[in-house]
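Here is the structure we will look at, set down as structure tokens.
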Amino acid sequence: MRVLIALAFMLAALPLRAEEVVLGLSKNEISINTTFDGSEILLFGAIKRDGAIPEGELGVIVAIAGPSQAVSVRRKERRFGIWVNVDAVEVDAAPSFYAVATNARLSEVLTEVEDLRHRISIPRAIRSVGAPTSVSDAQTFTEAVIRIRKASGAYKIEEGAVDLAEQTLFQTQVELPANLTEGAYATRIFLTREGQVVSRYETVIDVRKVGMERWLFALSREQPILYGLMSLAIAIAAGWGASAAFRLLR
């Protein structure tokens, strides 16, 4: 009897998954070749429920993050008529690509506490710790990374880009730029109620170089001397060919 009572208490303490994501992707692999000029991912899904639709507005957040890497950020100042580096901060981990799409304003569907916990917004997705003590405004260096990558299209937030129908079906499209970094792109979908995350789903989109791009990439890593000599030979041949063409035109 005591065992049954203890089991009942344990079951009552377990969280109920009232809403879950069932997701589909138009593609889960992207191949980068010599003609690759970007790609577009269609994400579509449904929300599986155990019962009736709960009260409160439903929020859907889609976040896609490329491989993270350390980034060195330097600040220049003009001194004695020339520009010189005066401060430098290394951002420990910044995604090579990061996109967030929501069905409403991010501030409406996600609280600050939940953002801090799950690292969803662009500033939260970047990790920067251990800045030099000589730099008093280290946060501005992280902001510079975000500003530069937003301008290049590597970072973007698209509020209202997720179409949500009857609080059950949703879809969105995310454009990926041509200069993708090879690796695993973590894809996360969050369901929120009143700004609180009630369910999440994770998958991976694999981005790989293929064909000539893959061969050149592997050659540059595995045999850098041969790769350098080949590049030099191609440059010399191209220069000689251009010179010969100009002579013929004359």
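The values are calculated or read from the model by the stated rules, or taken from the named source; none is laboratory data. Values in this document were obtained by computation on a predicted structure and should not be read as measured data. FYI the Cβ positions are ideal-geometry reconstructions off the backbone, even for glycines, and counts take in every protein chain you see. Accessible surface is based on the protein model in full, side chains and every heavy atom, while ligands, DNA and RNA are left aside. Shrake-Rupley method; radii C 1.70, N 1.55, O 1.52, S 1.80 Å.
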Two-site FRET efficiency, Leu25 against Glu108, from Cβ-Cβ distance with R₀ of 25 Å, rounded to 0.05: 0.45
Each label sits 7 Å from Cα toward the beta-carbon; between Thr140 and Glu159 the label points are separated, in nm, by 2.6 nm
Once both label points are put 7 Å beyond Cα along the C-beta direction, the Ala46-Arg75 separation in nm becomes 5.4 nm
The set of residues whose placed amide H lies less than 5 Å from the amide H of Gln69, leaving out same-chain residues fewer than 5 positions away, is Ala94, Ser96
Rounded to the nearest 10 Å², what accessible area does Glu40 have for a 1.4 Å probe in the complete protein model? 80 Å²
Please give, to one decimal in nm, the separation of the simple spin-label points placed at Tyr201 and Leu116, each 7 Å out from Cα toward the Cβ. 3.0 nm
Mind listing the long-range amide H neighbours of Ala161? Cut-off is under 5 Å, sequence gap 5 or more, other chains count too, H placed in the peptide plane at 1.01 Å from N. Thr102
